[in-house]
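Worksheet: the structure to be examined is printed underneath.
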Amino acid sequence: MFTLIHQWVQRRRAIRRRWQVDAHQLLKADEVNAYYEAQRRVARARHRGDRDEFYHWAKVAAEVARISSLAEMDLDLVLQIADEEEARSV
């Protein structure tokens, strides 16, 4: 039983590390627009129907918002990004 719990905890830590690393990479590439890039990837995953990637990039966007004071976060622009990604996927 302990082994199963340990494996579950290790999997959760690996998942957390992945979205933290991705958030830091987006911030390093372009801190001001990192949140928008993460939201763009959220929209792409949603339109592809990739649930795991959708959740991953949503967590990345949340992490960017949490750790960066320079990242812009305009809801109207996020909605525009979602619309653009939807139009691209059609």
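The values are calculated or read from the model by the stated rules, or taken from the named source; none is laboratory data. Everything quoted here is computed from the prediction, not taken from an experiment. Cβ coordinates were reconstructed from backbone atoms using ideal geometry, including for glycine residues, and neighbour counts include every protein chain displayed. The area values use the complete protein model at the heavy-atom level, side chains included, leaving out ligands, DNA and RNA. Shrake-Rupley method; radii C 1.70, N 1.55, O 1.52, S 1.80 Å.
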Going residue by residue through the stretch 44-57, is there one that turns out to be open to solvent by less than 90 Å² (accessible area, probe 1.4 Å) and among the hydroxyl-bearing types (Ser, Thr, Tyr)? no
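When you look at Ala87, is it without any contact (Cβ under 8 Å) to a residue 24 or more places away in the chain, in a helix (DSSP H, G or I), aliphatic (A, V, I, L, M) and open to solvent by less than 80 Å² (accessible area, probe 1.4 Å), yes or no? Walk me through how you get there before you give the answer.
Details: without any contact (Cβ under 8 Å) to a residue 24 or more places away in the chain: yes; in a helix (DSSP H, G or I): yes; aliphatic (A, V, I, L, M): yes; open to solvent by less than 80 Å² (accessible area, probe 1.4 Å): yes.
So Ala87 fits the description; yes.
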Just for the stretch 46-65: of the residues that are over 10 Å from the mean Cα position of the chain (by Cα) and part of a helix (DSSP H, G or I), which one is nearest to Leu75 (Cα to Cα)? Ala65
So the check is Cβ under 7 Å with 6+ separation or different chains; which pairs have a first residue in the stretch 1-26 that's within 11 Å of Glu63 (Cβ to Cβ) and a second one that's open to solvent by less than 90 Å² (accessible area, probe 1.4 Å) and among the acidic types (Asp, Glu)? Trp19/Glu63; Gln20/Glu63; Ala23/Glu63; Leu26/Glu37
